[in-house]
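Remarks on the structure that follows.
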Amino acid sequence: MRFVLRFLLACAAPAALAAQNPPANADVGRADTVRGLTGTDTSAFRRLELPTPNLIRTGSGAPGRAYWQQRADYVIHASLDTVKRVVTGDERLTYANNSPDTLRYLWLQLDQNLFRDTSRGARLFPPGARNGTHGANGGVTLTRVALAPAPARKGARAVAPTSLDYLVNGTMMRVNLPRPLPPGATLTLDLAWSFPFGPNDNRMGLEEIDGGTIYEVAQWYPRMAVYDDVRGWNTEQYLGQGEFYLEYGRFDVTLTVPANMLVAATGTLRNPELVLTATQRARLAEARKSDETVVIRGVDEVNDPASRPVAPGGTLTWHFTADSVRDFSWAAARHFVWDAASANDGATLAESFYPPSADSIWKGATQDVKFAVENYSRWMKYPYPVAINVNGIEGGMEYPMIVFCHNRTNAQALFGVTDHEIGHSWFPMIVGSNERRYAWMDEGFNTFQNFYNWEKRYPNQPNRRGNFDSYLRYAATAERQPLMTPADRIDLRTLGEVGYNKPGLALRLLRDVVLGPDRFDTAMREYVRRWAFKHPTPADFFRTMEDGAGEDLSWFWRPWFYTTATLDQSVDSIATAPDSTGKTTSRVMLRNRGGIVMPVRLDLLLEDGTTERVDLPVEIWYDGGSFVYDVPQGRRVTAAVVDPDNQLPDIVRANNRWPRTADEREPLSTDSTGKQ
């Protein structure tokens, strides 16, 4: 079935591509330049131009000895008013300037300002769209922006509490400093703020279900923008589609909520004796040693007052801490069902929180979390104490140690979204890329690894991650965009391809066709090791993969990541002639018609009825878009086919074999190179 669909798509692709692309003689990146390198080098194999290496980011792709990164530590005290549906918080933010630059102001992110009817995101996306604000009109109310008091220390004078001037620009806030912050110095801000829950369900929100309300709380506190060596302050607005770029640090958070609520959050719960019953604490201890799921609070206990500690004041304060994380999120509900199990031999507690009506499907969710944590630990062992899945309004969103997944339809669908969101623990929670500029560096990497987890969990079942058919449909459209397109500029109609599927497929091909699993996996583990809790760029990834695999991959990175080029390998003809000894020899004429070059797998049918398989390296395209394969030993070839196992996303499969059948006419000339 897959082959039939690909064949139909391939037959339809040429006309669509011809309608949108310039003439073939406008090719850029095509393998049509000879080795002589006379004039401008336009070969597909020319070295990819990347930023000049330096002591901060080296030519090998590793952080250099002068690499630096800022740090932001947070102490937050927040409360949830379930009557007014408002979160109110006090925040002490300590910022370390590890850069070589003196900073005269700081930029902070006020993401909740997206949910104002005058925000740029509200004007950009329809209210009901996936990234829309759903008519919310809230935003952040700031009641204090000040320099925190500090006692005198050796070499530093005392700091009195000082209100600071600030300027709010949409979802960004510039805080002007009374004195410049020199390299190596720190300062602490005192912030007070509040925001209301509205009808929005963009990466957070509330859901009314089973007679109660589930609060999923994210992008909820003023947080530091990233200042880095690449761009200085990163001040892109939060528009709703592009995700996040954040500094690492430590969080110490207290959350005061109604006493009948359970809270799930980033980090380690520090006061279980105050917010959990003795029974729940005992069950958690059991879960930490159990590979099987242990119910912490069951469906039959949700409405039992004994399932919550007595709180004379009507509220309880939950205390969490987390280190080496870039964010903090949480969820709360009075009617959560809660279960847990051990992952990674007790190093991590896998947990799920969900409403009673989801029990029939979600009672398996903790095992999905455990499966993801243990399998993705092949890149780097999951470094955190908990991994939590929460069922609420948000369809699928990732945060450190906690994810939000809405699916309640069936076990496979729930596994798919859970596996994807937990996979983000590595990209971008551990490897902290700039999601707002490079969606593929987290969504694409994650889609790539999701493909293999699905194959392991559901072998021989349709797999939509890194999917050939989806990519081929997209490749035949006029809406193609390079993977390097910043996240907010990706067409919403093709975000699934540009941000997720195409980069996931590209990495699959790099692993399974070009490098092989051993070389790819070794290099990928090195990338994660080098850039764990740091801020890599695309160049750092490309260079690390080449360094670890021992291969110049310019020919691969350029078309897949910088262009909209497509792949079209063909067998153009077979010629036979006698050699000098009188034996018949065969020559197979191959052509690379697209802008992507790849190795060639060639199956030959010989005159005696036997077949022979030949694997040709990508370097056969060094001299241009044509290559003649001379069949050795004087054998006569009667038919040939490239990519016989359908390993490659070839847009025109009708020209993959010779001789053609009567209904396989030569496709129209098209430019499938995706001009850079």
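The values are calculated or read from the model by the stated rules, or taken from the named source; none is laboratory data. Keep in mind it's a predicted model, so treat the numbers as computed, not measured. Cβ atoms come from the backbone with ideal geometry, glycine included; neighbour counts cover every protein chain shown. All accessible areas refer to the heavy atoms of the entire protein, side chains included, with ligands and DNA or RNA removed. Shrake-Rupley method; radii C 1.70, N 1.55, O 1.52, S 1.80 Å.
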Query - Test result for S377, modelled with pLDDT of 95 or more, over 22 Å from the mean Cα position of the chain (by Cα), open to solvent by 10 Å² or more (accessible area, probe 1.4 Å) and more than 16 Å from A413 (Cα to Cα) - result: no
Query raised in the report: Out of all the residues in segment 459-491, which are part of a helix (DSSP H, G or I) and within 26 Å of Q412 (Cβ to Cβ)?
Result: F468, D469, S470, Y471, L472, R473, Y474
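So that you can scan it fast, the table gives a plain yes or no per residue for (1) under 31 Å from the mean Cα position of the chain (by Cα); (2) open to solvent by 20 Å² or more (accessible area, probe 1.4 Å); (3) under 30 Å from A476 (Cα atoms):
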position: I596; (1), (2), (3): yes, no, yes
position: P599; (1), (2), (3): yes, yes, yes
position: L604; (1), (2), (3): no, no, yes
position: E619; (1), (2), (3): no, yes, yes
position: V628; (1), (2), (3): no, yes, yes
position: D645; (1), (2), (3): yes, yes, yes
Requested in this report: Please enumerate the residues belonging to segment 208-261 that are assigned to a loop (DSSP other than H, G, I, E, B), open to solvent by 10 Å² or more (accessible area, probe 1.4 Å) and small (G, A, S).
Outcome: G211, A259
**Report entry** Residues that are in a helix (DSSP H, G or I), within 19 Å of V230 (Cβ to Cβ) and of a type outside the set (F, W, Y), drawn from segment 496-544
**Finding:** R530, P538, A539, D540, R543, T544
Query raised in the report: Has segment 331-345 got any residue that is on the phi > 0 side of the Ramachandran plot and without any contact (Cβ under 8 Å) to a residue 24 or more places away in the chain?
Result: yes
**Report entry** Candidates A654, A639 - the one that is modelled with pLDDT of 95 or more and under 30 Å from S580 (Cβ atoms)
**Finding:** A639
Report summary line: Those residues of segment 536-594 which are free of Cβ contacts under 8 Å to residues at least 24 places away in the same chain and under 19 Å from N655 (Cβ atoms) amount to A575
Requested in this report: Give the number of residues within segment 339-370 that are under 25 Å from D252 (Cα atoms), more than 25 Å from the chain's Cα centre (by Cα) and open to solvent by 10 Å² or more (accessible area, probe 1.4 Å).
Outcome: 1
Requested in this report: Tally the residues that are open to solvent by 20 Å² or more (accessible area, probe 1.4 Å), hydrophobic (A, V, I, L, M, F, W, C) and in a strand (DSSP E or B), restricting the search to segment 262-293.
Outcome: 1
Query raised in the report: Could you say which residue among S79, S43 is surrounded by 15 or more Cβ atoms within 10 Å (Cβ to Cβ), in a loop (DSSP other than H, G, I, E, B) and at pLDDT 50 or above?
Result: S43
Query raised in the report: Looking at D210, D228, D190, D201, which one is out of contact with any Gly (no Cβ under 9 Å at 6 or more places or on another chain) and within 19 Å of G395 (Cα to Cα)?
Result: D210
**Report entry** Residue, modelled with the lowest pLDDT, within segment 308-319, restricted to residues that are open to solvent by 10 Å² or more (accessible area, probe 1.4 Å) and of a type outside the set (A, V, I, L, M)
**Finding:** P312
Query raised in the report: Restricting segment 133-151 to residues that are in a loop (DSSP other than H, G, I, E, B) and farther than 19 Å from E216 by Cα, which is least open to solvent (accessible area, probe 1.4 Å)?
Result: A148
Requested in this report: With the condition kept exactly as written, say whether any residue in segment 509-523 is within 20 Å of M484 (Cα to Cα) and of a type in the set (F, W, Y).
Outcome: no
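Can you name the residue in segment 114-132 that is among the basic types (K, R) and touching a residue at least 40 places away in the same chain (Cβ under 8 Å) and is also surrounded by the fewest Cβ atoms within 10 Å (Cβ to Cβ) among such residues?
If we take residues in segment 114-132 being among the basic types (K, R) and touching a residue at least 40 places away in the same chain (Cβ under 8 Å), then R130 is surrounded by the fewest Cβ atoms within 10 Å (Cβ to Cβ).
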